[in-house]
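I have placed the structure first, in the form of C-alpha cells, so that the comments after it can refer back to it.
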Amino acid sequence: MSHSTGISDLGLDLASLTVHADDNLALVSDVTTPLHVSTTYHYNDDPSKLKSAREHDIRVADKPGSFIYSRFSTPVIERLEAVVSAALNGHAIVYSSGLAAYTAALAHYHPKKLSIGDGYHGCHGVARIFTRLSNMEQIELYDENLGEGDLMHIETPINPTGLSVDLAKAVEFAHSRGAKVLVDATFAPPPLQDPFEFGVDMVMHSATKYLGGHSDLLAGVLVTKDDDVRMRLLQDRGMLGGAPGNFESWLLLRSMRTFKMRVETQSRNATTVVQFLNSAIKNSEIPVLKTIYHSSLQTEDFVRKQLKNGLFGPTFSIEVESIEVAKTLPSRLKLFHHATSLGGVESLIEWRAMTDEHVSQTLLRLSIGVEDADDLIADLKQGLLSFSK
Ligand SMILES: Cc1ncc(COP(=O)(O)O)c(C=O)c1O
C-alpha cells in the first residue's frame, strides 16, 4: 500500500528523501514503518508461482516484497536500504556493524595487497585477520607496489583526529595502477561529503555513528554505484550472515528520518566549539589545552572541496598538557559522557588511549551532539580552566 508516485524523479532534497524514499515499499497502511519480527515468510499459495532454487537465487529478492528468510532480507531491511541508498547516493547494503561491512568489503575485493593508512583500529584488526587467513599483504598508502586487483583503504576524515585526507589524489594513484578505492566515510556523512564525486569505488559507513545517531544500535553500510557489485554483496551477505537484525534495522530506519537535521546541527556545533578552543589556544587563555585537530582548521585546498557547504565532521580531538589532565577532564564535565563511540545526539568525550593503543596518551576525542553549542563551550571552558585553580 503506498501513496508514492516515483519520488526518485522529483529531485528531492536529502531531508525529504530520508522521510519518503521507501514509501512505495509499504506493505500495510501504517504511516510509520511497522517492526516485522518474522525470520521466515509464507511461500506463494499458487503452485504455478513457485520457483526451485535452480531457477532463482534465493539470496537475492527477485522483486520488492519477495522474502524467503531473514538472513537474506526482510521488509524492514528492504525499506531501510531504499532510504540509505537515497541518502548515500548509490546502492546501499546494510550489515550488522561497521566492521561486518568492512569484512564484507575485504571478502568482496579479496585483494593480494591492501594499502591502508591511519584510521580506526578495528579496521586494522579486520585486515590482520585477512592477512592471517589469506596472506593478504598490508602496505602503506601510496606504496609503489600497489597493483591490479589490489585495494586502497582510505578513511576521511580520520578517526580519531577528524583530519581529512585527499580523495582525488588517492583515486588517481590507485586507479592508475589498476587498484580499487574503498572509503570509510563514517566521520563525514551526507550532506557533508560524497566520496563518489571523487571517483571512489565503494563507500563504507559505521551506521552505528551518524546514521543511527542515538547510541542505541550497531550497523554498517557498504555503498556501490555498480549493480553487479551490489548483487554479489547481497549474495555474500546471505551466506556470511552479516545482515542486521529486525529491531536494529527498524531503529536505524527511524533514525534516518531525522538524519539531515541531526548531522547539520552536530556539524555546526562542532565547528563553533572548535573555533572557540582554537582561539583559546592561540591566545593562551586555557593553559592545559595544547593542540586541536579538525578538518575546519586544515588549509589545504582539497579539504573544502571534499567537505561541502562549510560543514565539517562533528568529531575532533584535542591534546592536553599531561596524561593526568587527559584522564581527569572527562569527570569534570557535566554535558559530555566519558564514553567511546561518536555520532549520537549526546556529546561524548573519550580519553582515547583507553581503546586505541596507538594514539598519544594526552589525546581526548570529542563527539559533538545536538545540545546548544554555547552550553557545550561553557562546560568545556569550566572543565579545562578548573586545572588552573
Ligand atoms: C571510522 C570507523 N569505521 C568503522 C568503525 C566500526 O564500526 P562498528 O563499531 O559499527 O563496527 C568505527 C567505530 O568506531 C569507526 O569509527
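The values are calculated or read from the model by the stated rules, or taken from the named source; none is laboratory data. Being a predicted model, the structure only gives us computed values, none of them experimental. FYI the Cβ positions are ideal-geometry reconstructions off the backbone, even for glycines, and counts take in every protein chain you see. SASA here: full protein model, heavy atoms, side chains in, ligands and nucleic acids out. Shrake-Rupley method; radii C 1.70, N 1.55, O 1.52, S 1.80 Å.
Below, the figures for the structure above:
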item: Nearest-10 value in Å² for the accessible area of F198, using the 1.4 Å probe; result: 40 Å²
item: Positive-end residue, the chain charge dipole about Cα centroid, Cβ charges, pick of F312, S322, I286; result: S322
item: Accessible-area value, W351, 1.4 Å probe, nucleic acids and ligands omitted, Å²; result: 40 Å²
item: On Cα atoms only, tilt of 227-240 relative to the major axis of the chain in degrees; result: 90 degrees
item: Amide proton proximity set for T208, modelled H, under 5 Å, gap of 5+; result: G98, A219
item: Members of K63/K225; K334/K389; K63/K180 lying beyond 24 Å, as alpha-carbon distances in this model show; result: K63/K180
item: Two-decimal Rg to Rh for the chain - Kirkwood Rh, Cα set; result: 1.00
item: Whole-Hz ³J(HN,Hα) from phi, Karplus 6.51 cos²θ - 1.76 cosθ + 1.60, for segment 365-376, glycine and proline x; result: 9, 10, 10, 8, x, 9, 5, 6, 4, 5, 5, 5
item: Assigned charges on the beta-carbon of Lys, Arg, Asp, Glu; segment 259-388 dipole about Cα centre (debye); result: 260 debye
item: For segment 152-256, size of Cβ-based charge dipole, Lys and Arg +1, Asp and Glu -1, in debye; result: 120 debye
item: Folded to 0 to 90 degrees: helix 259-282 orientation relative to the chain principal axis, Cα; result: 20 degrees
item: Farthest positive-ward along the chain dipole, Cα basis, beta-carbon charges - from Y102, L167, V84; result: Y102
item: Residue-averaged 222 nm ellipticity for the chain, from DSSP H runs of 4+ at -39500 (n - 2.57), nearest 500; result: -10500 deg cm²/dmol
item: Accessible-area ranking of T32, T340, T161, largest first, probe 1.4 Å; result: T32, T340, T161
item: Percent carbon-and-sulfur accessible area, the chain, ignoring ligands, DNA and RNA, probe 1.4 Å; result: 52 percent
item: Exposure ranking of D57, D30, D374 by accessible area [1.4 Å probe, largest first]; result: D374, D30, D57
item: Cα gyration tensor, segment 51-115 - rounded (a/c under 1.5), prolate or oblate; result: oblate
item: Cα long-axis angle, helix 167-176 against the chain (0 to 90 degrees, to the nearest 10); result: 50 degrees
item: Segment 23-95 versus segment 362-389: alpha-carbon centroid distance in Å; result: 45 Å
item: Accessible heavy-atom area order of Y43, Y293, Y95, highest first, probe of 1.4 Å; result: Y43, Y293, Y95
item: Dipole in debye (nearest 20) - segment 7-256, about Cα centre, beta carbon charges: Lys, Arg +1; Asp, Glu -1; result: 700 debye
item: Net lengthening on full extension, F247/N44 (0.36 nm per residue, minus Cα-Cα); result: 70.5 nm
